[in-house]
Amino acid sequence: MSLVSRSPAEAQLAELIEHFDHWRQTRTTRGEPIPEPLWEQAVSLTQVLPLSRVARRLRLNRQDLKKRCGQSRPPQSASPPAVPIPDFIEVKPETAWIASGMELDLERPDGTRLHIHYHEPQPPLAAV
């Protein structure tokens with residue numbers, strides 16, 4: 001079992017940290033407002049990473065970022081209904097699986113992946 005630790009979202013966050021650091025070093029006054037493109041990128045990252053992590057890593061006020069996120073998202077009534085995420089997915093073993101084992105790939109919205117490969121003829125799916 002292996003986890004891919006560096007997701008695309010984490011790579012984007014690392015790049016955005018560099019952009020914020022560059023802006024902080026080159027701004028003319030300490031009270032200069034953060035440029036809109038940097039805010040937009042920070043807000044977009046909150047779609048796939050926790051808001052608190054984005055705010056902490058970018059050294060932003062969490063409440064300011066939360067307000068920006070609320071401004072960029074349409075009201076809940078205007079958005080289409082969300083597709084329900086099932087609590088349980090039944091996996092029925094087929095003949096081909098029994099002979100060769102099984103591979104299972106899971107991926108989260110932030111890009112983190114989990115790959116499990118069973119060499120046993122009957123993997124303990126309850127443990128998964």
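The values are calculated or read from the model by the stated rules, or taken from the named source; none is laboratory data. Because the structure is a prediction, the values reported are computed rather than measured. All Cβ positions, even for glycine, are placed from backbone atoms using ideal geometry, and neighbour counts span all protein chains on display. When the accessible area is computed, the model is the full protein with side chains, heavy atoms only, and any ligands, DNA or RNA have been set aside. Shrake-Rupley method; radii C 1.70, N 1.55, O 1.52, S 1.80 Å.
Just for region 20-65: of the residues that are basic (K, R) and within 20 Å of E10 (Cβ to Cβ), which one is surrounded by the most Cβ atoms within 10 Å (Cβ to Cβ)? Break it down stepwise before answering.
The initial filter retains those residues of region 20-65 that are basic (K, R), namely 24, 27, 30, 53, 56-57, 59, 62.
Imposing the further condition that a residue be within 20 Å of E10 (Cβ to Cβ) reduces the set to 53, 56-57, 59, 62.
Details: R53: 15, R56: 11, R57: 17, R59: 10, R62: 12.
If we take residues in region 20-65 being basic (K, R) and within 20 Å of E10 (Cβ to Cβ), then R57 is surrounded by the most Cβ atoms within 10 Å (Cβ to Cβ).
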Candidate set: region 105-128, residues that are open to solvent by less than 80 Å² (accessible area, probe 1.4 Å) and at pLDDT 75 or above; chosen: the one nearest to P50 (Cα to Cα): D110
Subset of region 66-97 that is of a type in the set (D, E, K, R) and at pLDDT below 65 - its residue that is surrounded by the fewest Cβ atoms within 10 Å (Cβ to Cβ): E94
